[in-house]
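Structure first, then comments.
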Amino acid sequence: MLWESERGTQRAARVCRVAAALGLAPGMRLADARARVPTLEARPLDAEADAAGLERLTAWCERYSPWVAGDGTDAIRLDITGVAHLFGGEEALAGDLLARLEGFGLTARLAIAPTPGAAWALAHYGDGKIRIVPEGGARTALAALPVAALRLEEDVVADLLHLGLTRIEPLGQMPATALAARFGPALAARVDQVMGRRGEAISPLRPPPELLRRLVFAEPIGTPEDIARAAGQLAHDLAEALARAELGARRLEFSLYLAAGGIERITVGCARPSRDAAHLRRLLEERSGGLAAGFGADVITLAATASERLAARQEDFHRLASGPAAAAALDRDPELGLLIDRLGNRLGVQNLLRAAPRESHLPERAVRVVAPLSPPQGGGWDGGLARPVRLLAAPEPVEVMAEVPDGPPIRFRWRGRGHRVARADGPERLAPEWWRPAGAGGRTRDYYRLEDENGTRFWIYRDGLYTPAAGEPDSEPRWYLHGFFA
């Protein structure tokens with residue numbers, strides 16, 4: 001038995017079947033329970049652990065339906081519209097679910113009814129472990145149940161009992177306006193919900209996936225090879241569904257519902273919308289190796305939790321057409337998204353970056369780092385400028401000897417090593433960016449391409465002029481090494 005403190009008194013909060021058979025019930029004082037059953041084992045109720053356990057069980061119930069919700073107390077609600085046939089019908093689904101819950105050591109009562117309110121009422125106050133109500137049979141099934149089955153506040157229930165209204169049947173026959181006028185709108189709303197005259201939304205634990213495919217196994221599977229084959233089959237089935245809907249998956253969720261309880265789940269992302277079954281299968285195989293199947297999984301699902309519109313495209317167009325117009329019309333890098341997906345799932349998408357041009361002639365400002373498939377912004381790369389293949393993270397100072405002050409270097413020393421210049425080309429002058437705040441744009445630079453006697457090619461610049469331009473600081477020019485050519 002579990003107990004909780006209520007106004008300084010310890011009372012029973014949960015009782016097991018054995019304790020209930022001995023006459024113990026929730027609400028009983030702990031002292032009275034111990035007096036009746038001296039060997040009673042009682043523990044304090046951990047409400048947070050109870051809630052966490054119920055949430056895990058609610059997530060596990062997604063093996064039956066993607067539309068699952070908990071009510072925060074002791075109930076789990078499943079919308080099984082359109083999915084019961086996957087498990088052999090409503091009766092077979094309920095029997096399978098009850099058997100598994102009892103196998104976990106849980107006591108459960110199940111009800112399938114046309115409305116959530118009716119199912120809740122029958123599960124809490126009906127007879128038997130499983131009740132199935134056909135469409136249109138809610139009024140008859142609920143007639144003899146107590147008014148507490150309507151999920152009402154305690155004071156409303158007390159008022160109804162005081163007036164002799166103990167069962168649901170007479171309330172269902174009264175006009176809603178009369179109920180609302182006497183007992184408030186909550187009672188009228190509950191009666192209408194349980195009878196199906198008013199809708200009742202179920203907020204799922206997680207947003208239902210846009211597309212989902214599942215495999216149900218007669219015996220649990222757990223070897224990596226079997227899981228990989230299941231992933232391949234599901235990827236094929238989901239790709240066909242995506243094609244019919246003209247969609248491409250952006251995020252996939254691969255879930256193993258374990259026979260012993262619990263869920264093993266991985267999520268993979270696609271840089272671009274994809275419905276390529278082979279590509280989706282490879283993504284799943286690269287991540288599924290870390291799944292711990294334990295005693296095996298008897299339900300495996302693959303869901304597209306995010307997708308985008310992806311119109312049909314002629315895959316062999318580049319072999320059927322030629323010329324600049326055809327090449328321009330064709331998306332020339334369809335494999336790029338596939339490569340990024342594989343690298344991203346191995347290394348982490350956040351670790352993949354791409355260099356993109358920025359509107360600036362200053363080398364250290366001409367490049368910015370963006371996500372691999374970010375849309376282009378601003379101008380493109382200036383292919384007419386000679387730029388080194390390697391740029392230093394920050395320019396490094398060098399000592400330079402030149403024949404004339406404004407001429408190219410004939411010798412220079414970098415990191416303590418001297419270099420004799422065999423060939424020189426330049427200068428290429430880069431003026432400060434006038435639109436930036438004063439001083440932030442730096443000074444005028446003269447860049448030179450130099451080759452030493454060993455054939456190594458350097459990119460060196462003089463920062464500042466011996467005759468400063470207007471607005472530039474009047475200080476001695478300095479020389480810096482900025483990069484290397486091939």
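With respect to the stated conditions, ILE227 is among the β-branched types (Val, Ile, Thr), assigned to a helix (DSSP H, G or I), assigned by TED's automatic domain parsing to the domain that holds SER307 and surrounded by 18 or more Cβ atoms within 10 Å (Cβ to Cβ).
Beta carbons closer than 9 Å, at least 6 apart along the sequence or on distinct chains, pair a first residue in segment 289-306 that is at positive phi with a second that is of a type in the set (S, T, N, Q) and surrounded by fewer than 17 Cβ atoms within 10 Å (Cβ to Cβ) for GLY296/THR223. What are the pairs, 6+ residues apart or on separate chains, where a residue within segment 12-36 that is within 23 Å of ASP50 (Cα to Cα) has its Cβ under 6 Å from a residue that is assigned to a helix (DSSP H, G or I)? Hits for this filter: ALA12/ALA33; LEU24/ALA33. Of all residues in segment 412-455, those being loosely packed, with under 12 Cβ neighbours inside 10 Å and out of contact with any strand residue (DSSP E or B) (no Cβ under 7 Å at 6 or more places or on another chain) number 11. Figure legend. Inter-residue proximity from segment 51-62: first residues of a type in the set (Lys, Arg), second residues modelled with pLDDT of 90 or more and exposed (fewer than 14 other Cβ atoms within 10 Å of the Cβ), beta-carbon distance below 9 Å, spacing 6+ or different chains. No pairs are indicated. When SER255 is tested against (1) of a type in the set (Gly, Ala, Ser); (2) modelled with pLDDT of 90 or more; (3) closer than 22 Å to PRO372 by Cβ, only condition (3) is not met. Within segment 258-279, restricting attention to residues that are closer than 28 Å to PRO372 by Cβ, without any contact (Cβ under 8 Å) to a residue 60 or more places away in the chain and assigned to a strand (DSSP E or B), the residue that is farthest from the chain's Cα centre (by Cα) is PRO273. Of the residues making up segment 357-373, those that are over 23 Å from PRO432 (Cβ atoms) and either more than 25 Å from the chain's Cα centre (by Cα) or at pLDDT 80 or above (or both) are VAL369, VAL370, ALA371. Among what's in segment 113-151 and is charged (D, E, K, R) and touching a residue at least 24 places away in the same chain (Cβ under 8 Å), pick the residue that is nearest to ALA84 (Cα to Cα). Ranking the qualifying residues of segment 113-151, first place goes to LYS129.
So, PRO409, is that one crowded, with 18+ Cβ neighbours inside 10 Å, modelled with pLDDT of 85 or more and out of contact with any Cys (no Cβ under 6 Å at 6 or more places or on another chain) or not? The answer is yes for PRO409.
The values are calculated or read from the model by the stated rules, or taken from the named source; none is laboratory data. These numbers come from a predicted model, not from an experiment. Positions of Cβ are generated from backbone atoms using ideal geometry, with glycine treated the same way; all protein chains shown enter the neighbour counts.
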